[in-house]
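The values are calculated or read from the model by the stated rules, or taken from the named source; none is laboratory data. What you see is a predicted model, and the numbers here were worked out from it, not measured in a lab. Here the Cβ positions follow ideal geometry from the backbone for every residue, glycine too, while neighbour counts run over all protein chains shown. Keep in mind that these areas ignore ligands, DNA and RNA; they rest on the heavy atoms of the full protein, side chains included. Shrake-Rupley method; radii C 1.70, N 1.55, O 1.52, S 1.80 Å.
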Amino acid sequence: IPGNKYRMYYSVGNADSTQIKYAESTDGITWTGMGQLLRGSLVPTDRDFIIGGPTVIEIPGNQYRMYLRCSPTYTIEAPFHIRSYISNDGVNFTFEQIVIDVTPDDPNSIFFSAGQSAIFQATDGTYKMFFTGKTASSIGAPDTWLASSVDGLTWTDYQYTDGYWDTTE
């Protein structure tokens, strides 16, 4: 970030509360906690009661977009979905939209759960997202998926990766 600093985003929580916090560093080794950026809902049935796994990318217009996995209260098969938040300074984020939704909230979704994402911009300018997802055919742990986006908000071309992906993009 400006000022020759590094910024780290991370999640913390317990059964009653989850939060996204951040820390800053001048050397990438010693970190200073800077505070809370977002807090999950205090209502266990809200779809954003559990928030976590932040990934932040810089986007055109000197803005930052944060992607989070969100779910109502923890269950064995938590219906995590992925949301985006937007910021002009990388600190003050506001909800933007749900970017990968799950059934039954989106009856057209192939996913029952989607979370733990990592996003990057490919050399062709498109955005790529690796994420964990469970579908009707998933057995056991979630599978790793790859999706593509032109704008970072609308994701398509879902590809099951079988734990492998081509990193040459």
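If contacts are Cα pairs under 8 angstrom and at least 6 residues apart, what is the relative contact order of the chain in percent? Mind dumping the intermediate values first?
Working: 394 pairs, mean separation 20.2, N = 169.
Reported as a whole number, the value is 12 percent.
Over the chain, average the accessible area per residue using a 1.4 Å probe and give it in Å², no decimals. Provide the component values of the computation, followed by the final result.
Values: 9110 Å² over 169 residues.
In whole numbers, the chain has 54 Å² accessible per residue.
Under 15 Å Cα-Cα from residue 21, which aspartates and glutamates qualify once same-chain neighbours fewer than 8 residues away are excluded?
Partners within reach: 89.
Which of the peptides 132-144, 45-57 is most tightly packed, and how do the rest follow, going by the mean number of other Cβ atoms within 10 Å of each residue?
Values: 132-144: 14.6, 45-57: 18.8.
Packing proxy ranking, top to bottom: 45-57, 132-144.
Ignoring ligands, DNA and RNA, what percent of the accessible area of the chain is carbon or sulfur (1.4 Å)? The partial results should precede the final answer.
Working: 4810 of 9110 Å².
Looking at the chain in its full context, I get 53 percent from C and S.
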